[in-house]
1. Might you report the magnitude of the Cβ-based charge dipole of the chain about its Cα centre, with Lys and Arg at +1 and Asp and Glu at -1, to the nearest 20 debye?
2. Pick out the long, greasy-scoring helices in the chain: whole DSSP H runs spanning 20 Å or more along their own axis by Cα, mean Kyte-Doolittle at least -0.5.
3. Within the chain, how many lysine pairs that are 8 or more places apart, or on different chains, have C-alpha atoms less than 18 Å apart?
4. Which one, 74, 26, 47, projects farthest toward the positive side of the charge dipole computed for segment 2-75 from Cβ point charges (K/R +1, D/E -1)?
5. Once Rh is set to the Kirkwood radius over Cα pairs, what Stokes-Einstein translational diffusion coefficient, in µm²/s, holds for the chain at a temperature of 20 °C and a viscosity of 1.002 mPa s?
Amino acid sequence: MKIEAELLLGRYMEIKDMLEDHTSEYHDSMFYDIMGYYEDLEEHGEVDNDCLKKQVELCEKVLYTYQSLDDINQKLEYVYC
């Protein structure tokens, strides 16, 4: 369980950093959330992996959405009004 949590937290941290390339809106809240998980892991030796996994999956979807929007914007040409 602890190894899975550490892997999930590592992925969560990667997503946080990758998302910052698109927006800084989520950076601080994600950082403090990650630190909270690390504190729980250190103090209790475990975290709620199901909750953490859902959080990581959600953030992956947010990142994918931003990446998709950037791809679309790069393909669009400027339209004169």
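Read the figures in this text as sums done on the coordinates, not as results from a lab. Remember, predicted model here, so these are calculated numbers, not experimental data. Here the Cβ is made from the backbone with ideal geometry for all residues, glycine too, and neighbour counts use every protein chain on show.
1. With only Lys, Arg, Asp and Glu charged at Cβ, the dipole is about 360 debye.
2. Counting only whole DSSP H runs, the qualifying helices are 2-19.
3. 6
4. The listed residue farthest towards the positive side: 74.
5. 154
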